[in-house]
Amino acid sequence: TLAMIEAANYAPVILDYRQTGWTKPLLTVLFAAAGKPPRAFLREKGTTAEALGLLDPEIADEAILAA
């Protein structure tokens, strides 16, 4: 929980995505901080990503972010 994280001397940045929404610049920063491409965070089965064809390995990260 947050208290445990803070007790370990970390100062997390808390983003309330329900109020601000996910923006392309914010997602780009978060993915870079995680060291993973956008594709790594897509849910794969029975999702909008699947329906939109975003799981195709040929789809560029930019297209995933734009979706």
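The values are calculated or read from the model by the stated rules, or taken from the named source; none is laboratory data. These numbers were taken from a predicted model, which means no experiment stands behind them. Cβ atoms come from the backbone with ideal geometry, glycine included; neighbour counts cover every protein chain shown.
Within region 16-40, how many residues turn out to be of a type in the set (A, V, I, L, M) and in contact with a helix residue (DSSP H, G or I) (Cβ under 7 Å, 6 or more places away or on another chain)? Explain how you work it out, then say what you get.
Within region 16-40, the subset of a type in the set (A, V, I, L, M) is 26-27, 29-30, 32-34, 40.
With in contact with a helix residue (DSSP H, G or I) (Cβ under 7 Å, 6 or more places away or on another chain) added as a condition, the list becomes 27.
Residues in region 16-40 being of a type in the set (A, V, I, L, M) and in contact with a helix residue (DSSP H, G or I) (Cβ under 7 Å, 6 or more places away or on another chain): 1 in total.
Do you know which residues across region 1-50 are farther than 16 Å from Glu62 by Cα and either in contact with a Ser or Thr (Cβ under 9 Å, 6 or more places away or on another chain) or polar (S, T, N, Q) (or both)?
Thr1, Asn9, Gln19, Thr20, Thr47, Thr48
Take Ile14 and decide whether it is loosely packed, with under 11 Cβ neighbours inside 10 Å, free of Cβ contacts under 8 Å to residues at least 40 places away in the same chain and either more than 17 Å from Ile64 (Cβ to Cβ) or in contact with a Cys (Cβ under 9 Å, 6 or more places away or on another chain) (or both).
The answer is yes for Ile14.
State which residue is modelled with the lowest pLDDT when the search covers only region 6-26 and only residues that are within 20 Å of the chain's Cα centre (by Cα) and aromatic (Phe, Trp, Tyr).
Tyr17
Could you count how many residues in region 21-67 are of a type in the set (A, V, I, L, M), exposed (fewer than 10 other Cβ atoms within 10 Å of the Cβ) and part of a loop (DSSP other than H, G, I, E, B)?
Looking only at that region, the number is 0.
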